[in-house]
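Working notes, beginning with the structure itself.
The values are calculated or read from the model by the stated rules, or taken from the named source; none is laboratory data. All values reported here derive from a predicted model rather than from experimental measurement. Cβ atoms come from the backbone with ideal geometry, glycine included; neighbour counts cover every protein chain shown.
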Amino acid sequence: MFKHYFEQVENVAIWPIISLTIFFVFFIGLTIYVMKINKGHIQHMEKMPLVQDQEGFNSIIDSKNQNHG
Amino acid sequence: MELEKFKYDNKIVKYFAIATVIFGIIGMLVGLMIATQLFLPQLNLGIPYTTFGRIRPLHTNAVIFAFVGNAMFAGVYYSMQRLLKARMFSDTLSYIHFWGWQLIILAAAITLPLGLTTSKEYAELEWPIDIAITIIWVVFGINMIGTILKRRERHMYVAIWFYIATFVTVAVLHVVNSFEIPVTMFKSYSWYAGVQDALVQWWYGHNAVAFFLTTPFLGLMYYYLPKAANRPVYSYKLSIIHFWSLIFIYIWAGPHHLLYTSLPNWAQSLGTVFSIMLIAPSWGGMLNGLLTLRGAWDRVREDPVLKFMVVAVTAYGMATLEGPLLSIKNVNAIAHFTDWIIAHVHVGGLGWNGFMIFGMLYWLVPKMWGTKLWSTKAANIHFWLGTLGIIVYALPMYTAGVVQSLMWKSFNAEGFLEYPNFLETVTQIVPMYMMRAIGGLLYFTGVIIMAVNLVRTAKQGSFKAEETAEAPALEKKRIVGGHWHSRWERKPVFFTVLVLIAIVIGGVVEMVPTFLIKSNIPTIASVKPYTPLELHGRDIYIREGCNNCHSQMVRPFRSETERYRGEYSKAGEFVYDHPFLWGSKRTGPDLHRVGGAYNNVWHFNHMLDPTSTSPGSIMPPYPWLFEDEINPGLTAGKIKALRTVGVPYAEGFEDVANDDLMKQARSITEDLKASNVEIIETAEIVALIAYLQRLGTDIKVESTNQNQ
């Protein structure tokens, strides 16, 4: 008797299907974007942790390179 | 363009770093103590406050929230200021955050040994502390978002995204899972019951691992690993995919903690599917970390910082492959409730979190004190002790888990259980418990060596509390163009909202159907609310942390229905369980069908001296239950609180509940008297026996009625 409890909600299967769809679409969009991404931007981003912050010397140098979109 | 001068706050980083080391030592010491109690129960010193069930949560809370938590904050406060080229938003908030967090840890260290616990794993702290955690977490969030808003760097580096995700998700998890109705100052009942409580708890529990132990550390990895290796991350593009798919998928995987339980099947399958999918982003992140070292592997030989980080990232890779494998139902059938899970979490905890923290500290302390590490040799010794410690810890636990599980499931040629006595399967693995403790001791020794090394390093250098830096202010001009993600990176608030949406979708889709169902399901007619005495007994069960070693969930396997003498556990049986007590580990046998399995005097003797009824048992004795008395003055409050959350006690029942309580207590004490055992009706043990005898018996009533 009690094993049918959760089957009483109509179309319970729609929930996981919706979830998978949302993720799939999002992931495809993300992949397309990443493939098209601007190289200069990537280079700027990946250098960020390497900026030496000691007394601000290198942050000056770095700040010259950051005026792009 | 004019440069602005500003200072980085190193003092707050130093504070959190010191707290990390201190609580690392304390948390691991408690871990060592409970590991030893598993083969030497006497090490609880015969007192309640140091008994396994109460201090196992102390260990988990201390290492997760005190050790890893403080380390996360140290790492975040250091890296965030530099990545954003800005001092923290408010020094006051920084220090409220620091001291508030330490006070919460202190409150946990006092309340957990006292048995003040909600019983929900990694969320054991009672309601006033839950409120304090919420406030302090919001303080951290304001400080972080504030810093982001006043930044001098237009784009947010990937580490910052991970920090944002951590803040947002932990806030949501903590608030949702902590819904509870207070009974007294330090006692509450979960708002949810049974299956729903379990689902919410493991949605929380799983994502606490994800967003407290994983995402902040991935953020730290993306900052400190390139820093230590002095080269940029292998692929920044990969890190974008890594981030979004990880936070999106992780939130769904919680139900894999509840495979083969009474959770609806579709939710279990959802948990499994998303867990398998998690391999991709996890390994993407791991490879991104390891490949950052391409061309620099020679330096790994010499630099202890890199050594620790390489092992940390490798451990992350192992644990995140193992996790999805454990989420496959037939693997889970073997591994769940066993020491395999203990091995799994310690590969993650000791390997990933621990080693990442050690690497970070070995890098940070010389940097902030403007000196070199006091002894590279000592750091190398620490590295090897730690690595060996993890191996000596994990291997025996894997063996113990598999051996015990196979023994549980083994049938002889006649079709009976090969090892019908649970204890046989325990005594078999006691030697593994000893080896595990040795592994823990090795790891712990390494940490002590690190503490000495770091103190010496600090002493030989001089601490720079304020570090001057310069950068141009962010131009106010409106920048258009760029790809959508780079636009998002410029808009922190928008970004934060997106993260929130990504993680809420998973939670909602998982939980809403189960919650909607509540109003639709007919409960099992014979399942009744607990009697007042049983309620008191159940609260003692919670206080002593019995659920740390005993599950209440008979899975639908023949080996379990045989062993535990009855039907497998049904969802409808738990509708009045606030909180649920399914447990996650069987150091002792499952108790869901223990009601009626033994007589009262057996329970009496067993709780007084477990070895008297079960020779060789590693369960500690509970003599205080025989001296302490329950407080009938609390009965009315308990009943009213439970009625508020939906348990159908009749109006006015609280006024007569104690009559009912005494009547039931008397029937037990008289039964005990017949076996020549005298005890007063209000002794705690009487209430506990009443609860244990009730467990899982409701559906037995039904089958008896149907037979008539």
Tabulated pairs, segment B:132-155, first in a helix (DSSP H, G or I), second acidic (Asp, Glu), C-beta under 8 angstrom, 6+ apart or interchain: none
Going through segment B:559-603 one residue at a time, which ones are over 26 Å from B:Ile668 (Cβ atoms) and either more than 21 Å from the chain's Cα centre (by Cα) or not assigned by TED's automatic domain parsing to the domain that holds B:Arg694 (or both)? B:Ser559, B:Glu560, B:Thr561, B:Glu562, B:Arg563, B:Tyr568, B:Lys570, B:Ala571, B:Gly572
Out of segment B:368-385, which residues are under 20 Å from B:Ala19 (Cα atoms) and either at pLDDT below 95 or of a type in the set (Gly, Ala, Ser) (or both)? B:Ala379
Quick one: in segment B:677-698, which of the residues that are under 32 Å from the mean Cα position of the chain (by Cα) and over 17 Å from B:Trp602 (Cβ atoms) is modelled with the highest pLDDT? B:Glu684
Across segment B:453-472, what is the total count of residues that are under 37 Å from the mean Cα position of the chain (by Cα) and more than 14 Å from chain A (Cβ to nearest Cβ)? 9
Would you be able to say whether some residue in segment B:276-287 is of a type outside the set (A, V, I, L, M) and within 25 Å of B:Gln201 (Cβ to Cβ)? yes
From B:Ala86, B:Ala123, B:Ala71, B:Ala109, which residue is within 30 Å of A:His41 (Cα to Cα) and either touching a strand residue (DSSP E or B) at 6+ places or on another chain (Cβ under 8 Å) or not basic (Lys, Arg) (or both)? B:Ala86
Determine if segment B:574-595 includes at least one residue that is among the hydroxyl-bearing types (Ser, Thr, Tyr) and out of contact with any Lys or Arg (no Cβ under 9 Å at 6 or more places or on another chain). yes
Taking segment B:669-688 and keeping residues in a helix (DSSP H, G or I) and either out of contact with any Asp or Glu (no Cβ under 8 Å at 6 or more places or on another chain) or within 15 Å of B:Asn631 (Cβ to Cβ) (or both) leaves B:Glu670, B:Asp671, B:Lys673, B:Ala674, B:Glu684, B:Ile685, B:Val686, B:Ala687, B:Leu688
Within segment B:85-92, identify whether any single residue is acidic (Asp, Glu), surrounded by fewer than 23 Cβ atoms within 10 Å (Cβ to Cβ) and closer than 23 Å to B:Val200 by Cβ, and answer yes or no. no
How about segment B:435-473: which of its residues are surrounded by fewer than 16 Cβ atoms within 10 Å (Cβ to Cβ), assigned to a strand (DSSP E or B) and not charged (D, E, K, R)? B:Thr468
Check whether at least one residue in segment B:632-644 is outside any helix (DSSP H, G or I) and closer than 23 Å to B:Gln664 by Cα, and report yes or no. no
Determine whether B:Phe248 is at pLDDT below 90 and in a helix (DSSP H, G or I). yes
Residues of segment B:102-115 being without any contact (Cβ under 8 Å) to a residue 40 or more places away in the chain and crowded, with 17+ Cβ neighbours inside 10 Å, in sequence order, are B:Ile104, B:Ala107
For segment B:197-233: of the residues being closer than 16 Å to B:His578 by Cα and either basic (Lys, Arg) or touching a strand residue (DSSP E or B) at 6+ places or on another chain (Cβ under 9 Å) (or both), which is farthest from the other protein chains (Cβ to nearest Cβ)? B:Gln201
Given the structure, is B:Leu125 at pLDDT 95 or above, closer than 30 Å to B:Ile47 by Cβ, in contact with a Pro (Cβ under 8 Å, 6 or more places away or on another chain) and not hydroxyl-bearing (Ser, Thr, Tyr)? no
In segment B:486-523, anything outside any helix (DSSP H, G or I) and either of a type in the set (Ser, Thr, Tyr) or at pLDDT below 75 (or both) is listed as B:Ile521, B:Pro522, B:Thr523
Scanning segment B:231-244 residue by residue, those surrounded by fewer than 23 Cβ atoms within 10 Å (Cβ to Cβ) and small (Gly, Ala, Ser) turn out to be B:Ser235
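Residues checked against (1) within 14 Å of chain A (Cβ to nearest Cβ); (2) buried (at least 22 other Cβ atoms within 10 Å of the Cβ); (3) within 21 Å of B:Ala683 (Cα to Cα); (4) not polar (S, T, N, Q):
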{"position": "B:Phe574", "(1), (2), (3), (4)": "yes, yes, no, yes"}
{"position": "B:Pro579", "(1), (2), (3), (4)": "no, yes, no, yes"}
{"position": "B:Lys585", "(1), (2), (3), (4)": "no, no, no, yes"}
{"position": "B:Pro589", "(1), (2), (3), (4)": "no, no, no, yes"}
{"position": "B:Gly595", "(1), (2), (3), (4)": "no, no, yes, yes"}
{"position": "B:Asn599", "(1), (2), (3), (4)": "no, no, yes, no"}
{"position": "B:Trp602", "(1), (2), (3), (4)": "no, no, yes, yes"}
{"position": "B:His606", "(1), (2), (3), (4)": "no, no, yes, yes"}
{"position": "B:Asp609", "(1), (2), (3), (4)": "no, no, yes, yes"}
Of the numbered conditions (1) out of contact with any His (no Cβ under 9 Å at 6 or more places or on another chain); (2) among the hydrophobic types (A, V, I, L, M, F, W, C); (3) away from every other protein chain (no Cβ under 14 Å), B:Leu278 satisfies every one except a single condition; which is it? (3)
Which one of the conditions (1) facing chain B (nearest Cβ under 7 Å); (2) modelled with pLDDT under 50 does A:Lys3 fail to meet, given that it meets all the rest? (1)
Might you check whether a residue that is closer than 30 Å to B:Leu238 by Cα and among the small types (Gly, Ala, Ser) occurs anywhere in segment B:166-179? yes
Before we move on, is B:Met88 over 24 Å from B:Ile542 (Cα atoms) and modelled with pLDDT of 95 or more? yes
Hits in segment B:237-258 (condition: over 18 Å from the mean Cα position of the chain (by Cα) and of a type in the set (A, V, I, L, M)): B:Leu238, B:Ile240, B:Ile241, B:Leu246, B:Ile247, B:Ile249
Could you run through segment A:29-69 and say how many residues are at pLDDT below 50 and not in a helix (DSSP H, G or I)? 5
